[in-house]
Amino acid sequence: MTTTRLAALGHEEPTLLPLAQRLLAVAESGLPAMLLPGGENFAFTMAGQASPGGWSLERRGTSTRYAAITALGVRFLPEDRQRAVLAGRTAEEFTGLLVESLPGVTNLGDAALIAWAAAETGHPKLSDALARVAELDDDSRPQYTVEAAWVLSALAAARGAVDVENRFSAARDRLLRARIGDSPLFPHATGPGLVPWYRAHVSCFADQTYPLQALARAHASGDGDPEALAASEACAARICELQGDGGQWWWHYDARTGGVVEGYPVYSVHQHAMAPTALFDLADAGGTDFGAAIRKGLRWMTEVPELAAAPEGPEDMILDELGVTWRKVYRGDPKKAVRAARGASTRVASGLRLKSLDRVFRPVSVDRECRPYEFGWMLFAWLGGRI
């Protein structure tokens, strides 16, 4: 299957098209093993275990939100391939199982993702899904930015089918108000109270991509929203400006200043899926085309500069035969010491990053896990298209 996005990649940088196609094949081959027995939910992670022959995988935990993200991506496959991934079900049928589970769902983000999937698959119980989101979304309390963004994306997707205008406006305004001063970046929460004061300024990459995606989709879902589009543009421009020389999408930012707090870990899902998903949606909404940054980030998957310096030599991040991409490259520092130190130092003095830590804790460790949402967003990013 060649989509508009894949075709554009082949035109702009032909050598990267086989990599994207390879990753999509890995996603399709890997997802069925992540489905739990009974085919009604997905595992939280597949953990790599060293074995005499190389690596084996162990399925661990359960994740409703990862199941919903997987449905959002799998829906772009032809029906027969949806059924192959989802144990005989289509993405709409699988979403139906998630909708039926909503009375027991207590997390706002999980409910929002299920509602988003219900809207995108045209599920007949979309109104029920949105009602559960409304029950869980307390306007009087701050929410985590990622979950607030998923609420807005769900409501934007539902606008053509259900009257959600009042809630849509409130969700849109909440995200825009969350920013600190004139910073283009988003904080970890939409207001004080959820994050300890000493790290309230620290936000992560997901805190940027999901809001910029949601605001772009908000703009595209109606008659246009220049303020939402401008906020999405500003955030995208800043994270692209900060992108590493090797294509790395950095992990932690100072939401007050728009600077980097701590770059590592670098996550595979950011490189091949989350950044492309958000930046593609911005371009589709009429915003700037950040395709060069997408391509630069994708290239990291096979040209990992961190691992070139590893004592054991370079390690592949893509294992086709196992159907996984290893989760991240990280420092291996105990109890995330570098992030904690830099979070504290930048709280006291913006820009004080204690660079000596880079020499002590080098990013040459690999987290050998793979999670289903990584492949869900990959399918969403590269097989999706115009909103």
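The values are calculated or read from the model by the stated rules, or taken from the named source; none is laboratory data. All figures in this text were calculated on a predicted structure; none of them were measured in a lab. All Cβ positions, even for glycine, are placed from backbone atoms using ideal geometry, and neighbour counts span all protein chains on display. Protein only, heavy atoms only, side chains kept; ligands, DNA and RNA dropped before computing areas. Shrake-Rupley method; radii C 1.70, N 1.55, O 1.52, S 1.80 Å.
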| task | Give just the number: which of (1) of a type in the set (Val, Ile, Thr); (2) surrounded by fewer than 23 Cβ atoms within 10 Å (Cβ to Cβ); (3) in contact with a Phe, Trp or Tyr (Cβ under 7 Å, 6 or more places away or on another chain) does residue 288 not satisfy? | result | (3)
| field | Matching residues in segment 73-100 - criterion: being under 15 Å from residue 28 (Cβ atoms), assigned to a helix (DSSP H, G or I) and open to solvent by 10 Å² or more (accessible area, probe 1.4 Å) | value | 79, 80, 81, 82, 83, 84
| task | Kindly establish whether residue 275 is more than 17 Å from the chain's Cα centre (by Cα), part of a helix (DSSP H, G or I) and either at pLDDT 95 or above or crowded, with 24+ Cβ neighbours inside 10 Å (or both). | result | no
| Can we say residue 292 is modelled with pLDDT of 95 or more, among the aliphatic types (A, V, I, L, M) and in contact with a Ser or Thr (Cβ under 7 Å, 6 or more places away or on another chain)? | no
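Every residue, every condition in (1) open to solvent by 10 Å² or more (accessible area, probe 1.4 Å); (2) assigned to a loop (DSSP other than H, G, I, E, B); (3) of a type in the set (Val, Ile, Thr); (4) under 17 Å from residue 70 (Cα atoms), yes or no:
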| position | (1), (2), (3), (4) |
| --- | --- |
| 106 | yes, yes, yes, no |
| 112 | no, no, no, yes |
| 128 | yes, no, no, no |
| 142 | yes, yes, no, no |
| 154 | no, no, no, yes |
| Here are 20, 43, 25, 50: which of them is closer than 22 Å to residue 304 by Cβ and touching a Phe, Trp or Tyr at 6+ places or on another chain (Cβ under 9 Å)? | 20
| task | Could you check, for segment 204-214, whether at least one of its residues is within 26 Å of residue 157 (Cβ to Cβ), assigned to a helix (DSSP H, G or I) and aromatic (Phe, Trp, Tyr)? | result | yes
| task | Out of the residues in segment 293-333 that are in a helix (DSSP H, G or I) and over 19 Å from the mean Cα position of the chain (by Cα), state the one that is surrounded by the most Cβ atoms within 10 Å (Cβ to Cβ). | result | 306
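Checking the condition more than 16 Å from residue 38 (Cβ to Cβ) and not polar (S, T, N, Q), which residue from 91, 87 passes?
Details: 87 fails: more than 16 Å from residue 38 (Cβ to Cβ).
After ruling out the rest, the residue left standing is 91.
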| note | How many residues of segment 60-111 are closer than 20 Å to residue 145 by Cβ, touching a residue at least 40 places away in the same chain (Cβ under 8 Å) and of a type outside the set (A, V, I, L, M)? The answer is 7
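Return yes or no: is residue 204 at pLDDT 95 or above and either of a type in the set (Lys, Arg) or open to solvent by less than 10 Å² (accessible area, probe 1.4 Å) (or both)?
no
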| message | For segment 40-87: of the residues being on the phi > 0 side of the Ramachandran plot and at pLDDT 95 or above, which is nearest to the chain's Cα centre (by Cα)? | response | 61
| request: Test residue 147 against the stated conditions and say whether it is over 16 Å from the mean Cα position of the chain (by Cα) and open to solvent by 10 Å² or more (accessible area, probe 1.4 Å). | output: no
| field | Yes/no for residue 358 being at pLDDT 65 or above, open to solvent by 30 Å² or more (accessible area, probe 1.4 Å) and not small (Gly, Ala, Ser) | value | no
| query | Restricting segment 244-269 to residues that are of a type in the set (Phe, Trp, Tyr), outside any strand (DSSP E or B) and closer than 20 Å to residue 316 by Cβ, which is most open to solvent (accessible area, probe 1.4 Å)? | reply | 264
| said: Looking at segment 146-173, I want the residues that are in contact (Cβ under 8 Å) with a residue 40 or more places away in the chain and have a partner that is aliphatic (A, V, I, L, M) and open to solvent by 60 Å² or more (accessible area, probe 1.4 Å) with Cβ atoms under 9 Å, at least 6 apart or on another chain. Which pairs are those? | reply: 156/387; 157/387
| remark: Restricted to segment 1-53 and to residues being charged (D, E, K, R) and within 23 Å of residue 81 (Cα to Cα), the residue least open to solvent (accessible area, probe 1.4 Å) is 5
| Residue in segment 130-140 that is least open to solvent (accessible area, probe 1.4 Å), counting only those that are closer than 22 Å to residue 96 by Cβ and of a type outside the set (Val, Ile, Thr) | 130
| said: Conditions first: (1) in contact with an Asp or Glu (Cβ under 9 Å, 6 or more places away or on another chain); (2) at pLDDT 95 or above; (3) surrounded by fewer than 19 Cβ atoms within 10 Å (Cβ to Cβ); (4) of a type outside the set (Val, Ile, Thr). Residue 386 passes all but one, so which condition is the exception? | reply: (2)
